[in-house]
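J.: One structure, pasted below without further comment.
Every number in this text was worked out from the coordinates using simple rules, so none of it is lab data. None of these values were measured; they are calculated from a predicted model. Glycine also receives a Cβ, built like all others from the backbone with ideal geometry; neighbour counts cover every protein chain displayed.
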Amino acid sequence: MTRFAGKRILITGAGSGIGREAARRLAAEGAELVLVGRRLDYLKDTLPEARHVALDHADERAVAGFSNLCPELDGMFLNAGHLIPGSVQGTSVEAFDEVMALNLRGPWLMAHYLGDRLRDGASVVLTGSNIGLRAIPESAAYSVAKAGVHMLAKVLALEWAPRRIRCNAIAPGPVHTAMVEARLRSGGDPEGDLARLGAVNPLKRLGTEAEVAALALHLLSDEAGWTTGAVIPVDGGAEAVY
Ligand SMILES: NC(=O)c1ccc[n+]([C@@H]2O[C@H](COP(=O)([O-])OP(=O)(O)OC[C@H]3O[C@@H](n4cnc5c(N)ncnc54)[C@H](OP(=O)(O)O)[C@@H]3O)[C@@H](O)[C@H]2O)c1
């Protein structure tokens, strides 16, 4: 397939996990890519031939500066984020601020400063989380931030509709990426916790980077031309379970 021939797409968090998988798939389908993350070497490992931008998406000066250099875009996959576990009372205010910066301020700043770089008819996809839809213990700040990401996608869908720019959020369940590995290692029973993560959805397994990236690519492509303002779970059916 060459759904993205002639399209320029920016991806945050492109140096690993879901973002790396999406980048490689988009390149295979003809996209020209702008890869964003804090670690330049990871971005180069994803796709040596892409444009690489070492940037903290929560740093306003950095994002504003980049917006002056950024070429016109046909799409953005605002995917970077990170989980810091904890309950409301068990999360320090500093950690709360950090989670908000990593997960909500980042995509907000990217949309704020790069909205003018989007061509009319572009598509934007934000990575939320299925735990921004369903409450679970010990992920309080992250869940609240991701719920904000879902609403940001809806608000942008409304604001950008006159330019025919679509904006959607995906809400993945657990995928065994670096982020989840860090969470597992912070507990006392990584293997047991991994098995439990996979057991909560009807399909009884974790998802893969490829399965999540496939949904992002669909939403970025013109074949999703009438889908905007949606928050779509990709979680083995977990969202369907009471
Ligand atoms: N894996 C899951 O189970 C799961 C489930 C639901 C949602 N998600 C979401 O999916 C997205 C991708 O995560 P992943 O699972 O693929 O984990 P990952 O492999 O850890 O990827 C996260 C990426 O985000 C980048 N990043 C983090 N903070 C950043 C910042 N301040 N500025 C720019 N880039 C930043 C990281 O690169 P640098 O460190 O080099 O900046 C990294 O490449 C995240 O938003 C995550 O919350 C994941």
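J.: Consider just the alpha-carbon atoms of the chain and return their Rg together with their Dmax, both in angstrom.
T.: Considering the chain through its Cα atoms, Rg and Dmax are 17.0, 51 Å.
J.: Please check: in the Gaussian network model of the chain (C-alpha springs, under 10 Å), which one of Ile136, Ile165, Ile84 has the largest mean-square fluctuation.
T.: Ile136
J.: Among all the aspartates and glutamates, which ones have a C-alpha under 18 Å from Lys204's C-alpha, if same-chain residues fewer than 8 places away are not counted?
T.: Result set, ordered by chain and number: Glu191, Asp193, Asp235, Glu239.
J.: Compute the distance in nm between two label points, each set 7 Å from the Cα along the Cα-to-Cβ direction, one at Ala195 and one at Ala240.
T.: Taking the simple label geometry, Ala195 and Ala240 are separated by 2.6 nm.
J.: Using a 7 Å offset from the Cα along the Cα-to-Cβ direction at both Gln89 and Glu72, what is the distance between the two label points in nm, to one decimal?
T.: 5.6
J.: Continuing with the same structure: For Lys146, give me every one of the lysines with a C-alpha distance below 16 angstrom, ignoring sequence neighbours fewer than eight places off in its own chain.
T.: Lys154
J.: Listed highest first by mean packing, meaning other Cβ atoms within 10 Å per residue, what order do 5-18, 228-241, 177-190 come in?
T.: My ranking of the peptides, most packed first, is 5-18, 228-241, 177-190.
J.: May I ask you to work out the translational diffusion coefficient for segment 1-40 at 37 °C, viscosity 0.692 mPa s, via Stokes-Einstein with Rh from the Kirkwood sum over Cα pairs, reported in whole µm²/s?
T.: For these conditions, the coefficient is 329 µm²/s.
J.: Restricting things to Cα coordinates, could you compute the convex hull volume per residue of segment 84-147 in Å³?
T.: 72
J.: Based only on other Cβ atoms within 10 Å, what is the fewest-to-most ordering of Leu104, Leu194?
T.: Leu194, Leu104
J.: Next question, about the same structure. Dipole of segment 165-236 (Lys/Arg Cβ +1, Asp/Glu Cβ -1, origin at the Cα centre): which of Ala210, Gly229, Ala199 lies farthest to the positive side?
T.: With unit charges placed on the Cβ atoms, the residue in question is Ala199.
J.: At 0.36 nm per residue, minus the direct Cα-Cα distance, what do Arg163 and His112 gain on full extension? Give it in nm, one decimal, please.
T.: In short, 16.8 nm is gained.
J.: Can you check how the C-alpha radius of gyration of segment 25-69 compares to 2.2 N^0.38 Å, as a plain ratio?
T.: Here the answer is 1.22, to two decimals.
J.: Let me ask another. Mean 1/r over all different Cα pairs, inverted: what Kirkwood radius does segment 1-77 give, in Å?
T.: 12.3
J.: Could I ask something else about it? If you find the alpha carbon centre of segment 156-227 and of segment 94-140, how far apart are they in angstrom?
T.: Here the two parts' Cα centres lie 13 Å apart.
J.: Among 150-158, 68-76, how do they line up by average Cβ neighbours within 10 Å per residue, starting with the highest?
T.: Answer by packing, highest mean first, reads 150-158, 68-76.
J.: Sticking with this structure for a sec: Determine the calculated [θ] at 222 nm for the chain from helices alone, applying -39500 (n - 2.57) to every DSSP H run no shorter than 4 residues and normalising by the residue count; nearest 500 deg cm²/dmol.
T.: -11500 deg cm²/dmol
J.: Using the reciprocal of the averaged 1/r over all distinct C-alpha pairs, how large is the Kirkwood radius of segment 127-201 in Å?
T.: Computed over Cα pairs of segment 127-201, the Kirkwood hydrodynamic radius comes out at 13.9 Å.
J.: Still on this structure: In debye to the nearest 20, how big a dipole does the chain give about its Cα centre with +1 on each Lys and Arg Cβ and -1 on each Asp and Glu Cβ?
T.: With only Lys, Arg, Asp and Glu charged at Cβ, the dipole is about 360 debye.
J.: May I ask you to compute the full-extension gain from Glu223 to Glu29, defined as 0.36 nm times their residue separation minus their alpha-carbon distance, rounded to one decimal in nm?
T.: The span from Glu223 to Glu29 would gain 68.5 nm if fully extended.
J.: Using a simple charge model, +1 on the beta-carbon of Lys and Arg, -1 on the beta-carbon of Asp and Glu, nothing else, what dipole does segment 1-135 show about its Cα centre, in debye to the nearest 20?
T.: Using Cβ point charges on Lys, Arg, Asp and Glu, segment 1-135 gives about 340 debye.
J.: Please report the equivalent ellipsoid semi-axes of segment 203-242, computed as sqrt(5 x eigenvalue) of the Cα gyration tensor, largest first, in whole Å.
T.: Whole-Å semi-axes of the equivalent ellipsoid: 22, 14, 6.
J.: How do Trp160, Trp226 rank when sorted from fewest to most other Cβ atoms within 10 Å of their own Cβ?
T.: Trp226, Trp160
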